[in-house]
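Here's the structure we're looking at; comments come further down.
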Amino acid sequence: MGDVFKIIHGLSRLLVDAGRDLIPIIAVIAFFQIVVLRQPFPNLGEILIGTTLVILGLAFFVRGLEMGLFPLGESMAQDFARKGSVAWLLAFAFALGFGTTVAEPALIAVAAEAAKTVAEAGGIDHDNEAMDSYAFGLRMTVAFSVGLAIVIGVIRIIKGWPIQWVIIIGYGLVVVLTMAAPPEIVGIAYDSGGVTTSTITVPLVTALGVGLATAIRGRNPLTDGFGLIAFASLTPMMFVMVYGMVY
């Protein structure tokens with residue numbers, strides 16, 4: 001009976017926390033809909049059901065991260081560090097960055113929309129095969145760049161490089177490529193850098209960095225363990241602009 005009560009209490013707390021986190025969004029939408037637009041909510045019943053589902057999904061998603069993804073990422077990073085094989089650690093980092101990015105729903109949606117827009121602008125043939133090929137190439141480019149970014153981030157943690165200098169150099173390259181790349185690809189490149197850091201990539205990559213910094217002597221999980229997500233946002237911008245220039 002006590003275990004059941006703990007489970008119910010924990011679930012209730014998750015639902016309350018999820019609802020509290022969504023209150024600002026709900027308040028903003030309600031204010032502009034009622035006060036500014038002065039219009040009733042269309043399909044109010046469906047909106048309420050959808051909001052409830054969002055609260056449930058957010059609560060279970062956060063709990064899933066706490067139970068599964070964060071501990072798994074940290075333990076694997078620590079195991080690789082103790083094993084002492086840098087090559088396997090870097091291979092794992094690349095595979096993790098590549099695999100999680102390929103599976104990102106946001107990237108899939110952006111790549112498909114980019115292919116459609118490029119086809120309408122005459123950049124590629126306006127048929128499904130050409131658009132699918134362009135979208136697939138864009139996804140693979142972004143996924144490869146994120147894998148490489150995680151490798152660079154892991155090397156930074158191992159070597160103890162200051163993160164600010166790596167980021168400054170990286171954004172310097174982004175500025176140079178922005179001036180050289182076709183204007184049509186620049187916006188897509190910048191958006192690609194944002195969609196890579198979404199629901200799947202962030203938890204595992206963050207756990208990898210914290211776990212690795214915890215396992216390596218002389219590294220601080222707070223100052224050295226974070227920062228991998230910045231690399232995961234930075235490199236896709238460069239690679240997608242190069243992809244646009246080559247394509």
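What follows is calculated from the coordinates using simple rules that are stated; it is not laboratory data. Source: prediction; values computed, not measured. Please note: Cβ atoms are built from the backbone with ideal geometry, for glycine as well, and neighbour counts cover all protein chains shown.
Observations
- Backbone geometry of the range 166-180 corresponds, through the Karplus equation with coefficients 6.51, -1.76 and 1.60 at θ = phi - 60°, to 3J(HN,Hα) couplings of 5, 5, 4, 4, x, 6, x, 5, 4, 5, 4, 5, 4, 6, 9 Hz, x marking Gly and Pro.
- Total formal charge among the other residues, if their Cβ is under 13 angstrom from that of Glu120, Lys/Arg +1 and Asp/Glu -1: -3
- Vicinal HN-Hα couplings computed from phi for the range 114-129 (Karplus, 6.51 cos²θ - 1.76 cosθ + 1.60; Hz; Gly/Pro x): 5, 4, 5, 5, 4, 5, 5, 7, x, x, 9, 5, 8, 9, 4, 5
- Modelled spin labels at Ile155 and Asp127, positioned 7 Å past Cα toward Cβ, are 4.2 nm from each other.
- Gain in span if fully extended, Met140 to Thr178, counting 0.36 nm per residue against the direct Cα distance: 11.6 nm
- Gain in span if fully extended, Phe226 to Ala95, counting 0.36 nm per residue against the direct Cα distance: 45.3 nm
- Applying both filters, DSSP loop and at most 14 other Cβ atoms within 10 Å, to the chymotrypsin sites (Phe, Trp or Tyr not before Pro) of the range 89-136 eliminates every site.
- From phi via Karplus (6.51, -1.76, 1.60), per-residue ³J(HN,Hα) for the range 54-62 in Hz, x at Gly/Pro: 4, 4, 4, x, 5, 5, 5, 5, 5
- Each stretch of four or more DSSP H residues adds -39500 (n - 2.57); spread over every residue of the chain, this sum gives -27000 deg cm²/dmol at 222 nm.
- Cα gyration tensor shape for the range 117-174, rounded if a/c is under 1.5, else prolate or oblate: oblate
- For Ile124, the residues 5 or more places off, or on other chains, whose built amide H falls under 5 Å of its own are Ala119.
- Listed peptides 155-162, 19-26, 35-42 by packing density, highest first (mean Cβ within 10 Å): 155-162, 19-26, 35-42
- Inter-probe distance in nm under a simple model that places probes 7 Å from Cα toward Cβ, at Tyr171 and Ile25: 2.7 nm
- Cα gyration tensor category, rounded, prolate or oblate, for the range 64-126 with a/c compared to 1.5: oblate
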